[in-house]
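Notes for the one structure printed next.
Since every read-out is calculated from the coordinates, none of them should be taken as a lab result. This structure is a prediction, so every number in the text was calculated from the model and none was measured. Note that we place each Cβ from the backbone using ideal geometry, even for glycine, and neighbour counts take in every protein chain shown.
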Amino acid sequence: MTSEHLIEGESLYAAARAQFLKAAQVMNLDPAVRTILEHPKNEICVNFPVLMDSGEFRIFRGYRIQHNNILGPYKGGIRYAPQVDLDEVKALAAWMTFKTALAGLPYGGAKGGITCKPGELSQNEQMRLTRRFTHALGSNIGPESDIPAPDMGTNSQHMVWMFDTFANSHGGSDRNRAKALVTGKSLACGGSEGREKATGQGVCYIIERWAKMAGLKTSELTLAVQGFGNVGYFTALIAQQMGMKVVAVHDHTGAVANVQGLDVAALKLHQDTTRSLNGFAGGETIAPEAFWDQKCVVLVPAAIENQLTSARAKRITAKVVVEGANGPTTREADVVLGERGITAIPDILANSGGVIVSFFEWVQNRNCEHWELEAVDRKLHELIIKAFENTVERAKRYKTDLRTGAYVVALERIAKAYAERGIFP
Ligand code: NAD
């Protein structure tokens, strides 16, 4: 297959489906399992009114797509963004099924979201939106059945509102059970040490492991990071703490570069005070499109989908693309990367640190435990590196790319469960 055979701009779910079908073919997956996984189990769409600060009511649309739960409760984030629609949430839900299976977690996959512009909503409006959405989802979510987490546009505060709403409407008398409804909560409300930084931490463990395989020292690594939110910021910060040099950062407000390395904490302070990356004194403001031409060893797309297009993939200088975001690389770009000998470490592996530590948070909630940060990081390292090594092994065994290798690991686990349990009735 060459990049000319693919159509850039296809639906995100079609792209996600094609990735898993490639692995299904390579490994000769049971056709019944393939058919089941081609469609989400449940597609929940809710329209609900929210009182705005102006005194008016607005109708919002929210989604919860439950893709598969053969390995355990549905698990996946909640996204607040203007582009959220059924197709996007379906793709994100499917990726969660494969991500949790690859990491060896006792979870299935789901995703949710609300079509909205969170930046234009006050804190009170966001609270009413979140509580009303949680109420609308009702018993479709629950600590034993479907466990949400933060994603783009949401954070620990939104998770705490969700859990509090659920505790007051469905929680019963067990004050601890409701905490396990959501992960990514604040520490004061039952969150885990290390959850906020977990996705970025996992991305950095993967970069470190890839460098070892490529025979490079971490001090030789230069990084360009797209997105400076939860994933992008913590990836950049931890990479710098590990001795790597962050040479370019790009978000929706602009882009900055410095071949000597950007001071990540100072850049965050600048972003917090000016609401923009542009004008940062510790680097040069560059045109956003020039970000893709910056010289670097590692490129981390950690913003939104379809950012690494075939045209950009032809220009990048990196040796490895580590997908912090979900679906950042188009299928055409994937082909270009392959042709250029650039390694792509797929999203379902690279950004799985978030759901791995979410699992730790859920276990702590259910057992009324508190784990120290050192234990969380050690266990995260163990699981994500095991997933990396399994991925590399399957890619070698089937003479394929790492993305397909990662899907093979996930599909093996799912197929084994279906083979042993059978398909009801
Ligand atoms: P976030 O809302 O905290 O940050 C998103 C970042 O993307 C912001 O810096 C924003 O400026 C940037 N961005 C948005 N549109 C852009 C554009 N057109 N060009 C350049 N930059 C743009 O979100 P997040 O939680 O960091 O999530 C980022 C990605 O990582 C998403 O794909 C998400 O699904 C994925 N992810 C997140 C987690 C998590 O734990 N938060 C876990 C796994 C995967």
Report summary line: Env charge @ Glu120, Cβ radius under 13 Å, K,R +1 / D,E -1, value 0
Query raised in the report: In debye to the nearest 20, how big a dipole does the chain give about its Cα centre with +1 on each Lys and Arg Cβ and -1 on each Asp and Glu Cβ?
Result: 700 debye
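Please give the calculated 222 nm ellipticity per residue for the chain, where each DSSP H segment of at least 4 residues contributes -39500 (n - 2.57) and the sum is spread over every residue; nearest 500 deg cm²/dmol?
Only helices count here, giving -14000 deg cm²/dmol.
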Report summary line: Of Gly200, Gly191, Gly282, the most mobile residue in a GNM of the chain (C-alpha springs, cutoff 10 Å) is Gly282
Requested in this report: Mind telling me which of Ser122, Ser54, Ser173 comes out most flexible in a GNM of the chain, alpha-carbon contacts under 10 Å?
Outcome: Ser54
Report summary line: Least to most buried among Glu193, Glu332, Glu374, by other C-beta atoms within 10 Å and fewest first, runs Glu374, Glu193, Glu332
Query - lysines whose Cα lies under 29 Å from that of Lys399, excluding same-chain neighbours fewer than 8 positions away - result: Lys22, Lys99, Lys212, Lys217, Lys314, Lys319, Lys386, Lys416
Report summary line: The summed charge of the His67 Cβ neighbourhood (under 9 Å; Lys/Arg +1, Asp/Glu -1) stands at +3
Query raised in the report: Which residues in the range 186-222 place their backbone N less than 13 Å from a point set 7 Å from the Cα of Lys396 along the Cα-to-Cβ direction?
Result: 213-214
**Report entry** Using θ = phi - 60° and Karplus 6.51 cos²θ - 1.76 cosθ + 1.60, couplings along the range 141-150 (whole Hz; Gly, Pro as x)
**Finding:** 10, x, x, 10, 10, 7, 10, x, 7, x
Query raised in the report: What is the set of long-range amide H partners of Leu277 at a cut-off below 5 Å, with H atoms built 1.01 Å from backbone N?
Result: Thr253, Gly254
Query raised in the report: With θ set to phi - 60° and the Karplus curve 6.51 cos²θ - 1.76 cosθ + 1.60, what are the ³J(HN,Hα) couplings of the range 413-425 in order, to the nearest whole Hz, using x for Gly and Pro?
Result: 5, 5, 5, 5, 4, 5, 5, 7, 7, x, 9, 4, x
Report summary line: Taking R0 as 22 Å and r as the Cβ-Cβ distance between Arg58 and Ala18, the FRET efficiency 1/(1 + (r/R0)^6), rounded to the nearest 0.05, comes to 0.05
**Report entry** Cα shape, the range 1-124, gyration tensor, a/c 1.5 rule
**Finding:** prolate
Query raised in the report: What aspartates and glutamates sit close enough to Lys90 to cross-link, taking a C-alpha to C-alpha distance under 17 Å and skipping anything fewer than 8 places away on the same chain?
Result: Glu10, Glu38, Glu43, Asp146, Asp151, Glu305, Asp347
**Report entry** Sites Ala188 and Lys268, calculated FRET efficiency, Cβ-Cβ separation with R0 30 Å, nearest 0.05
**Finding:** 0.85
Query raised in the report: Any idea how far apart Glu43 and Ala214 come out in nm if each label point goes 7 Å out from Cα toward Cβ?
Result: 3.9 nm
**Report entry** Whole-Hz ³J(HN,Hα) from phi, Karplus 6.51 cos²θ - 1.76 cosθ + 1.60, for the range 34-44, glycine and proline x
**Finding:** 4, 4, 4, 6, 6, 10, x, 5, 10, 10, 9
Query raised in the report: Using the Cβ atoms and a cut-off under 10 Å, what net charge is assigned to the surroundings of Ala239, where Lys and Arg are +1 and Asp and Glu are -1?
Result: 0
